[in-house]
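Read through the structure below, which is laid out as structure tokens, and then see the notes.
The values are calculated or read from the model by the stated rules, or taken from the named source; none is laboratory data. Everything quoted here is computed from the prediction, not taken from an experiment. Using ideal geometry, Cβ is built from the backbone for each residue, glycine included, and neighbour counts are taken over all protein chains shown.
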Amino acid sequence: MKNNNNDISGKFLLFVTFLSGIAGSVAGLLYAPQSGKKTREQIKDTYEDVKGKINNVVEKIDQGVPELIDKFKDAPDVVKSEIEDISKDTGKLFQGAVQKSTDYFNEVKGTIVSSFKDGRELYLKETQKNTATGEGEE
């Protein structure tokens with residue numbers, strides 16, 4: 001879409017340059033030292049020339065508008081497709097994060113359960129050993 005913006009900006013710049021040239025020509029005619037009749041003829045000729053050029057520009061713009069519409073008519077579908085792709089990618093990342101969190105939780109849980117069992121077994125062994133030797137009694 002960046003090219004579309006450049007096309008539009010280029011056309012706009014060309015149009016503004018064109019209008020500036022016309023304004024300069026008219027100003028030159030109005031301030032030139034010559035007879036009123038000759039100035040009016042030049043203004044009329046310049047008017048006809050400008051009118052023709054403006055009609056050409058308008059015609060080119062009219063021809064360009066359908067092209068711009070064609071370029072942008074698929075934009076909502078493209079944006080929708082991009083959003084769907086991002087959503088799918090985000091969903092996959094989220095599912096991956098959930099799975100990694102679940103795996104880590106299960107690993108920590110297993111470590112805690114294993115440590116608890118080991119501690120319990122050690123406690124029972126020590127208790128049985130102390131009961132057998134009479135050390136735990138007062």
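Among the residues of the range 111-132, is there at least one that is closer than 30 Å to SER9 by Cα, in a helix (DSSP H, G or I) and of a type in the set (Lys, Arg)? Let's see the steps before the verdict.
Going through the range 111-132, the residues closer than 30 Å to SER9 by Cα turn out to be none.
No, the range 111-132 has no match at all.
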Return a yes/no flag: does the range 48-57 have any residue that is touching a residue at least 12 places away in the same chain (Cβ under 8 Å), among the small types (Gly, Ala, Ser) and assigned to a helix (DSSP H, G or I). no
When you scan the range 89-97, do you find a residue that is closer than 30 Å to GLY24 by Cα and in a helix (DSSP H, G or I), even just one? no
Qualifying positions in the range 74-87 - surrounded by 10 or more Cβ atoms within 10 Å (Cβ to Cβ), free of Cβ contacts under 8 Å to residues at least 24 places away in the same chain and part of a helix (DSSP H, G or I): VAL78, VAL79, LYS80, SER81, GLU82, ILE83, GLU84, ASP85, ILE86, SER87
Being touching a residue at least 60 places away in the same chain (Cβ under 8 Å) and over 30 Å from ALA27 (Cα atoms) narrows it down to one of LYS100, LYS117, LYS71, LYS125, so name that one. LYS71
Tell me which residues, restricted to the range 28-39, are exposed (fewer than 12 other Cβ atoms within 10 Å of the Cβ) and either at pLDDT 75 or above or touching a helix residue (DSSP H, G or I) at 6+ places or on another chain (Cβ under 9 Å) (or both). LEU30, ALA32, GLN34, LYS37, LYS38
